[in-house]
Each structure stands twice: as C-alpha cells, then as structure tokens.
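Below: one structure, written as structure tokens.
Please treat every number below as a calculation from the coordinates, not as lab data. As the structure is a computational prediction, the values presented were derived from the model and not from experiment. For neighbour counting, all protein chains shown are included, and Cβ atoms are generated from backbone atoms with ideal geometry for every residue, glycine included.
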Amino acid sequence: MAQNYFKNLAANATLNVKASAGMVFSASCYNANASSRWLQLHDTATTPSALAVPKVSILVPTGAQVIVGTDFFSNEGIGFDSGIAFAFSTTAATYTAGSAGDQQTTVVFS
C-alpha cells in the first residue's frame, strides 16, 4: 500500500488530511509555542470544529518536536473509518485551536 505525506507548515491549526477511510502510520509535530500543545488526529472526513473529540491526542511540549511512529501506531498503522484530520490544540480531550503559526506537522498515511 502506497504511503502519502501530509505537511502543514504553520498554515492551519486544523485541516483535513484525507476525506475517506485510511490508515495513519506516523506523525510528527514541532511546537514553537511557549506552552505545551497537543497534536490531535480526528476520525472525520471534514476539518474538526471546536470541541471535536480526537481519536488520538499526543502531547507536544514547549519548543519540542515529537515524532510518533511504529512504537505507537504499529507497522500496520491505526485505522480511521471516516477520514483523517489533524488539529493543533491547546487541550488534550477536545479540539481547542492553538495558533497555526506555532506548529509544523507531518502525517504519514494511506
């Protein structure tokens, strides 16, 4: 199965990655904000709105880059039934928009 690369370099705080079912194999996020943020992955065919509940929420500490691969997603990846969307959030449990300019995110998916 071919893998695709989604990159968001400080352009959006949330964006649809894939509008249909797919698998996520890895993700990375750099947080330039003075506070910790969360990289969220949502099981949706559209862009997440405020208070949307993520399928995956990964802490990204201040000034850090977090790379999550097969140690979390496994070699098979994690399935998303409706679609794949990313969000850069100030909270872990629901989507609360962080500043788009404070993040650089990459998602490897199929």
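Using the empirical formula 2.2 N^0.38 Å as the baseline, the Cα radius of gyration of segment 38-78 reaches a ratio of 1.32. Evaluating 6.51 cos²θ - 1.76 cosθ + 1.60 at θ = phi - 60° for every residue in segment 72-85, the Karplus couplings come out as 10, 7, 6, 5, 7, x, 10, x, 10, 6, 9, x, 10, 9 Hz, glycine and proline recorded as x. Over segment 4-109, the ratio between the Cα radius of gyration and 2.2 N^0.38 Å evaluates to 0.94.
Set the Förster radius R0 to 22 Å, insert the Cβ-Cβ distance between GLN65 and ALA2 as r into 1/(1 + (r/R0)^6), and round the FRET efficiency to 0.05. Once rounded, the FRET efficiency stands at 0.30.
Computed from backbone phi, the HN-Hα couplings of segment 91-106 come to 10, 7, 7, 9, 7, 10, 4, x, 6, 4, x, 8, 10, 9, 10, 10 Hz, rounded to whole numbers (Karplus: 6.51 cos²θ - 1.76 cosθ + 1.60, θ = phi - 60°; Gly and Pro given as x). Scanning residues 5 or more positions from ALA13 or on other chains, those with amide H under 5 Å from its amide H are ALA100, with H placed 1.01 Å from N in the peptide plane. Phi-derived couplings, Karplus 6.51 cos²θ - 1.76 cosθ + 1.60 at θ = phi - 60°, listed residue by residue for segment 7-17: 10, 10, 9, 6, 9, 9, 7, 8, 6, 6, 8 Hz, with x used for Gly and Pro.
Length gained on full extension, ASP81 to ALA93: 2.4 nm, using 0.36 nm per residue less the C-alpha separation. Annotation: extensible slack from SER110 through ALA34 equals 24.1 nm (criterion: 0.36 nm per residue apart, minus Cα-Cα distance).
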